[in-house]
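Here the structure is laid out as structure tokens; the discussion comes afterwards.
The values are calculated or read from the model by the stated rules, or taken from the named source; none is laboratory data. Not measured: the values here are computed from a predicted model. Quick reminder, even Gly has a Cβ in these numbers, built from the backbone with ideal geometry, and neighbours come from all protein chains shown. Ligands, DNA and RNA are stripped out before the accessible areas are found, and what is left, the full protein with its side chains, is counted by its heavy atoms. Shrake-Rupley method; radii C 1.70, N 1.55, O 1.52, S 1.80 Å.
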Amino acid sequence: MTAPPPDDCLARNDWICGDYLRTRQQILLDAVAQHLQLTLSSVALGLVIAVPLALLARRRRWTAGPVLGITTVIYTIPSLAMFSLLLPVYGLSATLVVVGLALYSLTLLVRNILAGLDGVPAEATEAARGMGYGPMRQLLTVELPLAVPAAMAGLRIATVSAVALTTVGAIVGYGGLGNLIYAGMNSFFKAQVLTASVLCVLIAVVLDLLLLGAERLLTPWRRTHRRTRVRGVRRRATAATEEPAAAVGRRA
Amino acid sequence: MSTLAAVWSWLTTAANWSGENGVWHRLEQHVVLTFACLVLSALIALPVALTLGHLGRGGALAVNLANVGRAVPTFAVLVLLLLTPLGRYGQWPTIIALVLFAIPPLLTNAYVGMREVDQNVVRAARGMGMTGLQLVRRVEVPLAFPLVLTGIRIAAVQLVATATLAALVGGGGLGRIITAGFNLASTPQVVAGAVLVAVFALLMEAAFELVQRRAPGWVRGQAR
């Protein structure tokens, strides 16, 4: 009953191959794990740097220009060049990829957090002050929560971009699924390249949906208002806060 | 410090600038690839965007295209196209991938520019008896031009970056200096190549910045 060995989809080098999925299951799982690890650590690192930068830019207005300028310049540098510039500092390591990707996420995150904080209605901050909130309590319980929708818009774009850009890390051997694409290119292994590419897009879509869910959980007040008459107004306001991210091109 | 010195000496060695693998030749390839793809993608995207914007149709497509495209890795598309039968036709897989990724920013910005034209101005022009084509050419396109230019700027800077990745799939351009450096395990060459690529990308951004600042008011969008 078994077909002669040369006539399976691996030997024919088909694009879609069930045997590939079966026989290389472990390799694929390892690559997905590395991909997730690289992407998530980079976005987390980016967030840890971006939040203080955005708060600084808001507190001391004169720093806003330089902060946005420098992050934009960083964003202009192509990914292959970025990883290469970090080579003397980090060598061929996963840290190099994580730091490079984190630097990219900065511009999206800082812009959107800043836009979110600027979009907090004056009535809300005045009410908080009137109730006797100190600056720190006001920031943590009023301003930051209200900035979540705009910040999450930036975080989602930064995460989706990071998933795609991680593949370029293959140049230093830490590209997650990019490693499989790179190896597949050199051996003309179609099933491997297609499978890894599709998995990349899947990871991006799943993370995007998870962040969308997290945003819903973090902003329960928006859910209850969604069905009321202010819907049109509310949605337009959201579009305005999401605009800064849309104005930035994708990175390759 | 020694790395910096080594990078400097790589950049100042005349032999690294001449010949088939020299900087000048790679730069020329990079410039040609970037501009050819920019022209090609503009020829495809702008007529579509201006038509859709004028008619006020297909907005969801024009705006969402850029977001969907973000999830697709450029490197994956480059390799996928290389492995298709197209891969036998020299530079074409690279050109197609670059054009595909340059279309969304052009399309989105030009479309939004057309839709944001003050509707009172459009009604006034119609009231003066302008035909659809006159309206597009004399009113809508001039008013939408600043955003069209922003789209071209984003696409151009992005093309410089994408053209660098073309080196990974055997294409030309400055990226080849970096990949060759990795193959030779020469950190100075890798960093020197990266510096050249970064400078080129920043110069492209700066050139557009200059055009947008120095140009007459209607190009900058000052009227609005």
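Residues being assigned to a helix (DSSP H, G or I) and facing chain A (nearest Cβ under 7 Å): count how many of those fall in the stretch B:71-87.
Narrowing the stretch B:71-87 to residues assigned to a helix (DSSP H, G or I): B:74-83, B:85-87.
Next, only the ones that are facing chain A (nearest Cβ under 7 Å) stay: B:74-76, B:79-80, B:82-83.
Residues flagged as assigned to a helix (DSSP H, G or I) and facing chain A (nearest Cβ under 7 Å) within the stretch B:71-87 amount to 7.
For the stretch A:39-66, how many residues meet the condition of being open to solvent by 20 Å² or more (accessible area, probe 1.4 Å) and either within 17 Å of A:Leu140 (Cα to Cα) or part of a helix (DSSP H, G or I) (or both)?
If we filter the stretch A:39-66 for residues that are open to solvent by 20 Å² or more (accessible area, probe 1.4 Å), which is where we start, we get A:40-41, A:44-45, A:47-49, A:51-53, A:55-56, A:58-62, A:65-66.
Now narrow it down to the ones that are either within 17 Å of A:Leu140 (Cα to Cα) or part of a helix (DSSP H, G or I) (or both): A:40-41, A:44-45, A:47-49, A:51-53, A:55-56, A:58-59, A:61-62, A:65-66.
Qualifying residue count for the region: 18.
Suppose we filter B:Ala62, B:Ala66 for residues that are buried (at least 17 other Cβ atoms within 10 Å of the Cβ), at negative phi and touching a Phe, Trp or Tyr at 6+ places or on another chain (Cβ under 6 Å); which single one remains? Quick ask: steps written out before the conclusion?
Working: B:Ala66 fails: touching a Phe, Trp or Tyr at 6+ places or on another chain (Cβ under 6 Å).
Just a single option satisfies the conditions, and that option is B:Ala62.
What is the residue count in the stretch B:163-177 for residues that are under 17 Å from B:Val199 (Cβ atoms) and among the β-branched types (Val, Ile, Thr)? Steps first, answer last, please.
In the first step, residues of the stretch B:163-177 are kept if they are under 17 Å from B:Val199 (Cβ atoms); the result is B:163-164, B:167, B:173-177.
Within this subset, residues satisfying the condition of being among the β-branched types (Val, Ile, Thr) are B:164, B:177.
Summing the residues that are under 17 Å from B:Val199 (Cβ atoms) and among the β-branched types (Val, Ile, Thr) in the stretch B:163-177 gives 2.
Read through the list (1) away from chain A (no Cβ under 14 Å); (2) open to solvent by 30 Å² or more (accessible area, probe 1.4 Å); (3) assigned to a helix (DSSP H, G or I), then give the number of the only condition that B:Val139 fails.
Single failed check for B:Val139: (2).
Quick check on this structure: which one of A:Leu108, A:Leu177 is modelled with pLDDT of 95 or more and buried (at least 24 other Cβ atoms within 10 Å of the Cβ)?
A:Leu177
Are any of the residues in the stretch B:96-115 among the small types (Gly, Ala, Ser) and under 30 Å from A:Thr39 (Cα atoms)? Please lay out each step first, then the result.
At the first step, the residues of the stretch B:96-115 found to be among the small types (Gly, Ala, Ser) are B:97, B:102, B:110, B:113.
From what's left, under 30 Å from A:Thr39 (Cα atoms): B:97, B:102.
Among the residues of the stretch B:96-115, at least one is among the small types (Gly, Ala, Ser) and under 30 Å from A:Thr39 (Cα atoms), which makes the answer yes.
Within the stretch A:175-209, count every residue that is more than 8 Å from every other protein chain (Cβ to nearest Cβ), farther than 11 Å from A:His35 by Cβ, of a type in the set (S, T, N, Q) and assigned to a helix (DSSP H, G or I).
The total comes to 3.
State all residues of the stretch A:16-38 that are open to solvent by less than 80 Å² (accessible area, probe 1.4 Å) and over 12 Å from the mean Cα position of the chain (by Cα); if no residue qualifies, say none.
First, pick out the residues of the stretch A:16-38 that are open to solvent by less than 80 Å² (accessible area, probe 1.4 Å): A:17-20, A:24, A:28, A:31-36, A:38.
Listed by number, the residues that qualify are A:Cys17, A:Gly18, A:Asp19, A:Tyr20, A:Arg24, A:Leu28, A:Ala31, A:Val32, A:Ala33, A:Gln34, A:His35.
Any residue in the stretch B:76-90 that is more than 13 Å from A:Phe189 (Cα to Cα) and touching a residue at least 24 places away in the same chain (Cβ under 8 Å) sitting within a Cβ distance under 9 Å of a residue that is among the small types (Gly, Ala, Ser) and surrounded by 12 or more Cβ atoms within 10 Å (Cβ to Cβ)? List the pairs, counting only those 6 or more apart or interchain.
From residues that are more than 13 Å from A:Phe189 (Cα to Cα) and touching a residue at least 24 places away in the same chain (Cβ under 8 Å), the pairs are B:Val77/A:Ser197; B:Val77/B:Ala97; B:Leu78/B:Ala97; B:Leu78/B:Ala166; B:Leu78/B:Gly171.
Under 6 Å by Cβ, and 6 or more places apart or on different chains, what pairs join a residue from the stretch A:151-167 that is within 7 Å of chain B (Cβ to nearest Cβ) and under 16 Å from A:Val110 (Cα atoms) with one that is modelled with pLDDT under 95 and open to solvent by less than 10 Å² (accessible area, probe 1.4 Å)?
A:Ile157/A:Leu108; A:Ile157/A:Ala245
What single numbered condition from (1) open to solvent by 30 Å² or more (accessible area, probe 1.4 Å); (2) touching a helix residue (DSSP H, G or I) at 6+ places or on another chain (Cβ under 9 Å); (3) not acidic (Asp, Glu) fails to hold for B:Gly175?
Only one criterion is unmet by B:Gly175, namely (1).
Inspect the stretch B:179-191 for any residue being touching a Lys or Arg at 6+ places or on another chain (Cβ under 9 Å) and not charged (D, E, K, R) and give the result as yes or no. I'd like the intermediate steps shown before the answer.
So in the stretch B:179-191, the residues touching a Lys or Arg at 6+ places or on another chain (Cβ under 9 Å) come out as none.
No; the residues of the stretch B:179-191 include none that is touching a Lys or Arg at 6+ places or on another chain (Cβ under 9 Å) and not charged (D, E, K, R).
Test A:Gly100 against the stated conditions and say whether it is closer than 24 Å to A:Ile157 by Cα, within 14 Å of another protein chain (Cβ to nearest Cβ) and out of contact with any helix residue (DSSP H, G or I) (no Cβ under 9 Å at 6 or more places or on another chain). So that I can check it myself, show each step before the final result.
Working: closer than 24 Å to A:Ile157 by Cα: yes; within 14 Å of another protein chain (Cβ to nearest Cβ): yes; out of contact with any helix residue (DSSP H, G or I) (no Cβ under 9 Å at 6 or more places or on another chain): no.
No.
Can you confirm whether the stretch B:213-221 contains a residue that is over 21 Å from B:Pro105 (Cβ atoms) and facing chain A (nearest Cβ under 8 Å)?
Residues of the stretch B:213-221 over 21 Å from B:Pro105 (Cβ atoms): B:214, B:216-218.
Add one more test, that the residue is facing chain A (nearest Cβ under 8 Å), and what stays is none.
Within the stretch B:213-221 (the criterion being over 21 Å from B:Pro105 (Cβ atoms) and facing chain A (nearest Cβ under 8 Å)), the answer is no, since none of the residues qualifies.
Would you confirm whether any residue within the stretch A:216-225 is more than 8 Å from every other protein chain (Cβ to nearest Cβ), among the charged types (D, E, K, R), within 21 Å of A:Arg111 (Cα to Cα) and open to solvent by less than 30 Å² (accessible area, probe 1.4 Å)?
No, that holds for no residue.
So is B:Asn109 without any contact (Cβ under 8 Å) to a residue 40 or more places away in the chain and either assigned to a helix (DSSP H, G or I) or more than 9 Å from chain A (Cβ to nearest Cβ) (or both) or not? Give the steps one after another, and end with the answer.
Values: without any contact (Cβ under 8 Å) to a residue 40 or more places away in the chain: no; either assigned to a helix (DSSP H, G or I) or more than 9 Å from chain A (Cβ to nearest Cβ) (or both): yes.
Considered against the rule, which asks whether it is without any contact (Cβ under 8 Å) to a residue 40 or more places away in the chain and either assigned to a helix (DSSP H, G or I) or more than 9 Å from chain A (Cβ to nearest Cβ) (or both), B:Asn109 comes out as no.
Tell me, yes or no, whether the stretch B:154-165 has at least one residue that is open to solvent by 10 Å² or more (accessible area, probe 1.4 Å) and in contact (Cβ under 8 Å) with a residue 12 or more places away in the chain.
Of the residues in the stretch B:154-165, the ones open to solvent by 10 Å² or more (accessible area, probe 1.4 Å) are B:154.
Within this subset, residues satisfying the condition of being in contact (Cβ under 8 Å) with a residue 12 or more places away in the chain are B:154.
For the stretch B:154-165, residues open to solvent by 10 Å² or more (accessible area, probe 1.4 Å) and in contact (Cβ under 8 Å) with a residue 12 or more places away in the chain: present.
Taking the stretch B:183-205, which residues are without any contact (Cβ under 8 Å) to a residue 24 or more places away in the chain and under 18 Å from B:Ala163 (Cβ atoms)?
Within the stretch B:183-205, B:Val190, B:Gly193, B:Ala194, B:Ala198, B:Val199, B:Leu202, B:Leu203 qualify.
Within the stretch A:186-199, is even one residue modelled with pLDDT under 95, among the charged types (D, E, K, R) and over 15 Å from the mean Cα position of the chain (by Cα)?
yes
Would you point out which residue out of B:Leu46, B:Leu40, B:Leu11, B:Leu55 is out of contact with any His (no Cβ under 7 Å at 6 or more places or on another chain), within 28 Å of B:Val148 (Cβ to Cβ) and open to solvent by less than 50 Å² (accessible area, probe 1.4 Å)?
B:Leu46
Condition test on B:Gly22, is it in contact with a helix residue (DSSP H, G or I) (Cβ under 9 Å, 6 or more places away or on another chain) and in contact (Cβ under 8 Å) with a residue 60 or more places away in the chain? Write out each step before concluding.
On the way: in contact with a helix residue (DSSP H, G or I) (Cβ under 9 Å, 6 or more places away or on another chain): yes; in contact (Cβ under 8 Å) with a residue 60 or more places away in the chain: no.
No.
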